[in-house]
Amino acid sequence: MPGFSVTTFGCQMNQHDSERMEEVLRGGGATAVAADDADVVILNTCSVREKAEQKLRSEVGRWAKVKRERPDLLIVVAGCMAQQEGRSILAEMPSVDLVLGPDNIAELPGLLAELRMGSPPLVRTEFDLDAPRFLTAPTTLGERPTAFVTTMKGCNERCTFCVVPNTRGPERYRSSAELIAEIADLVSRGVREVTLLGQTVNSYRDPRGALPRAPEADPGDPDESEFAALLRAIAAEVPGLVRLRYTSPHPRHLTPSLIAAHRDLAIMPHHVHLPVQSGSDRMLKRMLRRYRRDEFLARVASLRAAVPEATISTDIIVGFPGETEADFEETLSLIEAVGFVGVFGFKYSVRPNTPAERLPDDVPEAEKSRRLARVFDVSERLVREHLAQQLGKTLRVLVEGPSKAREENATGRSERNEIVHIEDAARVRSRVGEVVEVTVVEAYKHSLLGRMTEAELARTPEGMPTRMRRALPLLGDKPSPGPRGEA
Ligand code: 5AD
């Protein structure tokens, strides 16, 4: 039976795609094995920044060497680089056997079978524009009570730095009926927290027009979507769902209707990841972000008026073409003004076939590095201050599993998305998938340590499926919400 391995680069959407590749291959009788033992090595690529692309080149180089020893090895380049570069990958990297776009995952077993029959290298990078297929929830769940649900794919924005419209195509949405059925099924199998995924997840519209208009939705507003209506429908129809997250939204669709949904729905966490990219109006305009700094700040203020304790994290690009020191200072001052807790910072890199490709990449590399380091200095301080303020407070934490760092602790996330380690895993074990009250006893750099309150200890656990409880000691940790990127 052939063995395969999938290596993932990039975002949660890619992670999700990798899981689906594994699923279709397992469905075809193949087995997931360690990369060194695999007959098929799949590299699920990212092309959003140059750095991700360099990683792929070195990975393929490594496997090309192995292939010289083991000519039967099949090398697959999947994901966004595959979509972007298509056939030219074969010319540049002759050891590659298959180039597979994100919309072609279902064809993977058949294509591998063709290759094994002796077919020359294949390229499949068709967008499914007429009859979009969506990756559905896995039939076998992980061991955590959390799951991703693809809500939409593609992007109709034209941010000048961004390659996503080329790699993921135009926006296509899943019907709300299908989404709700999938979430209900996940919840019936023990999932308690769902993250809705999409490149501009909050531009959502039901392709079947089945959603009622959400309160405070203004159909005359070009930024309005049906995302708030979707959140309300999920909350109403899947009562067992405890938390509903989403990523990544576009700030222009953070409209009053969505803010009202955050205010009204108990399952919405008090946290939004809201990529701003820059604090300078000049840069925002050049990036074609379709909001100004003051508009972004006004939306954040309305969100905070509705959900006073909301935390906000963001993405920042430094060194976009033409960014002056003064522009950059505006980004720093915006980070302070919003008080982001969690900044994902990136040095601008030119991407092929993007509008910004025509602009001179004129901020020197050393200067980009300096600016990025300053972004991290500010954001690390903000995170530290925020976490220190939580000492002694009681937070509501959704228990996900054991902590990777310390077996004796469990881990979960608060409503505001802080990572909270909880002492005494033995007693927390029966609470996986439940929200527990935890008093914060220590603040670390990117996370908190807490203890279940007396009242919580006295409460009878609701009881999770035994599969998840049994699995508890084996579970891993999640990445920190703190600063990341290429420091
Ligand atoms: N250069 C640097 N960062 C980029 N991002 C997207 N495109 C580029 C680029 N060309 C960043 C943005 C986006 C995140 C996923 O990656 O901050 O929000």
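Every number in this text was worked out from the coordinates using simple rules, so none of it is lab data. Source: prediction; values computed, not measured. For neighbour counting, all protein chains shown are included, and Cβ atoms are generated from backbone atoms with ideal geometry for every residue, glycine included.
Mean residue ellipticity at 222 nm from the helices of the chain, using -39,500 (n - 2.57) per DSSP H segment of n ≥ 4 over the full residue count, to the nearest 500 deg cm²/dmol?
Counting only the DSSP helices, I get -10000 deg cm²/dmol.
Just need log10 I(q)/I(0) for segment 3-124 at q = 0.18 Å⁻¹, Debye formula, equal scatterers on the alpha-carbon atoms, no solvent, rounded to two decimals.
-0.88
Would you please put 409-417, 3-11, 449-457, 357-365 in order of how densely packed they are, using the mean number of other Cβ atoms within 10 angstrom per residue and starting with the highest?
For the peptides 409-417, 3-11, 449-457, 357-365, the packing ranking is 409-417, 3-11, 449-457, 357-365.
Just need the relative contact order of the chain here, percent rounded to a whole number, with Cα pairs under 8 Å and 6+ apart.
Reported as a whole number, the value is 10 percent.
For segment 394-471, just run the numbers: alpha carbon Rg, then divide by 2.2 N^0.38 Å, N being how many residues it has.
Here the Cα radius of gyration is 0.98 times the empirical estimate.
Using Cβ-Cβ distances only, list the Cys residues of the chain with no partner cysteine under 4.7 Å, sorted by number.
By the Cβ distance rule, which asks for a partner under 4.7 Å, the isolated cysteines are Cys11, Cys46, Cys80, Cys155.
Place the peptides 84-95, 116-127 in order of packing, highest mean first, counting for every residue the other Cβ atoms within 10 Å and averaging per peptide.
Final packing ranking: 84-95, 116-127.
What's the ranking of 318-326, 269-277 by average number of surrounding C-beta atoms within 10 Å, highest first?
269-277, 318-326
For Phe148, which sequence-distant residues (separation of 5 or more, or a different chain) have an amide H within less than 5 Å of its own amide H, given hydrogens modelled in the peptide plane?
Thr195
For Lys67, list the aspartates and glutamates whose Cα falls under 15 Å from its own Cα; do not include residues on the same chain fewer than 8 positions away.
Asp36, Asp37, Asp39, Glu59, Asp97
So who's got an amide H within less than 5 Å of the one on Thr311, skipping anything under 5 residues away but keeping other chains? H placed 1.01 Å off N, in plane.
His271, Val272
Kirkwood Rh, segment 299-390, all Cα pairs: how many Å? The partial results should precede the final answer.
Details: mean 1/r = 0.0691 Å⁻¹.
Hydrodynamic radius (Kirkwood, Cα pairs) of segment 299-390 is 14.5 Å.
Volume per residue, Å³, of the convex hull around the alpha-carbon atoms of segment 141-386? Working shown, then result.
On the way: hull volume 32.8 nm³, N = 246.
Measuring per residue, one finds 133 Å³ for the Cα hull of segment 141-386.
With 10 Å bins from zero, work out the P(r) of segment 299-351 over every alpha carbon pair and list the percent per bin.
Taking every Cα pair in segment 299-351, the percentages come to 22, 44, 26, 8.
What whole-number value in cubic angstrom gives the convex hull volume per residue for the C-alpha atoms of segment 204-304?
It is 107 Å³ per residue.
Given 0.36 nm per residue, what is the gain on full extension from Glu462 to Ser95 after removing their alpha carbon distance, in nm?
Details: separation 367, 0.36 × 367 = 132.12 nm, distance 5.32 nm.
Answer, rounded to one decimal: 126.8 nm.
Rounded to the nearest 5, what % of the DSSP beta bridges within the chain are antiparallel ones?
Here the share of antiparallel DSSP bridges comes out near 30 percent.
Let's see if you can work this out: charge +1 on each Lys and Arg Cβ, -1 on each Asp and Glu Cβ, no other charges. What is the dipole magnitude of the chain about its Cα centre, in debye to the nearest 20? Don't jump to the answer; show the numbers that get you there.
Values: 66 positive and 71 negative charges, 68 e Å.
With only Lys, Arg, Asp and Glu charged at Cβ, the dipole is about 320 debye.
Rg/Rh for the chain: what does it come to with C-alpha atoms and Rh from Kirkwood?
Expressed as Rg/Rh, it is 0.96.
Sort out for me the Cα centre separation of segment 179-204 from segment 89-126, rounded to whole Å.
30
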